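Peer 1: Could you have a look at this structure, given as structure tokens, before my questions?
The values are calculated or read from the model by the stated rules, or taken from the named source; none is laboratory data. Please read all numbers here as calculations on a predicted model, not as lab measurements. Here Cβ is always computed from backbone atoms with ideal geometry, including for glycine, and neighbour counts include all displayed protein chains. For accessibility, only protein heavy atoms count, side chains too; no ligands or nucleic acids. Shrake-Rupley method; radii C 1.70, N 1.55, O 1.52, S 1.80 Å.
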Amino acid sequence: LINLSDFSIILAFTHLYSLFMIVPIFNSMNRIDRSLIEAAVDCGSNSFAVIRHIIIPLCKPGIIIGSIFVITVVMGDFLTIGIMGGQQLASVGKIINTEMNYLQLPGAAANSVILLVITIMVIIVMTKFIDIRKEL
């Protein structure tokens, strides 16, 4: 069950960071050759099959690149959670910020390194699915 502050945070994140996801997907969709879609329709595929078998696989690099952008920005965002959550929800970014405010620098540094390592590991796993050099 999701409460109102969780919903407001999800809505704020969606509003703030949707552009970081839309632009790479748009770029990938712009590279799709129109003749592939026309050939699939000429062979009798319906629109759902064209989306499932042609568009989504060809947009996978854009989806992964957009996900990397959004994950890296959201992992450290403590301000949105603080404003929309009413200062009652915990996040790693808020914990690091609180430790910095109370001058608990070793704990803040340790939590920052842990957050950085987890973020890098997620990015490494996501880049195993695409060749990022080909996309850039």
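Peer 1: Between residue 22 and residue 113, what is the FRET efficiency for a Förster distance of 41 Å, r being their Cβ-Cβ separation, to the nearest 0.05?
Peer 2: 0.85
Peer 1: May I ask for the distance between the Cα centers of the range 99-136 and the range 1-66, given as a whole number of Å?
Peer 2: 25
Peer 1: Let me ask something else about it. So, counting K/R as plus one and D/E as minus one, what does the shell of residues with Cβ under 14 Å around residue 90 add up to?
Peer 2: Combined, the nearby Lys, Arg, Asp and Glu give -2.
Peer 1: Now for a different question. Rank these residues by their accessible area, most exposed first, probe 1.4 Å: 75, 126.
Peer 2: Largest accessible area first, the residues go 75, 126.
Peer 1: What longest range of the chain stays clear of loop-exposed chymotrypsin sites (Phe, Trp or Tyr not before Pro) (DSSP non-H/G/I/E/B, at most 14 other C-beta within 10 angstrom)?
Peer 2: Longest gap between qualifying sites, sites excluded: 1-101.
Peer 1: I'd like the Karplus ³J(HN,Hα) series for the range 50-55: coefficients 6.51, -1.76, 1.60, θ = phi - 60°, whole numbers in Hz, and an x wherever there's a Gly or Pro.
Peer 2: 3J(HN,Hα) across the range 50-55, in whole Hz: 5, 5, 6, 9, 10, 6.
Peer 1: For the chain, give the magnitude of the charge dipole about the Cα centre (Cβ charges: +1 Lys/Arg, -1 Asp/Glu; no others), in debye to the nearest 20.
Peer 2: 180
Peer 1: I need the calculated FRET efficiency for the pair residue 14 and residue 124, taking r as the beta carbon distance and R₀ as 30 Å, to the nearest 0.05.
Peer 2: Given R0 = 30 Å and the Cβ-Cβ separation, E is 0.70.
Peer 1: Here's another thing I want to ask about it. Between [x] -1.14, -1.33; [y] -0.94, -1.16; [z] -1.05, -1.16, which matches log10 I(q)/I(0) by the Debye sum over Cα atoms at q = 0.18, 0.20 Å⁻¹ calculated for the structure shown?
Peer 2: [z]
Peer 1: Can you give me the span-like helices of the chain, meaning DSSP H runs with 20 Å or more of Cα extent along the axis and Kyte-Doolittle mean at or above 1.6?
Peer 2: What comes out of the filter, once short or polar helices are dropped, is 56-75, 105-127.
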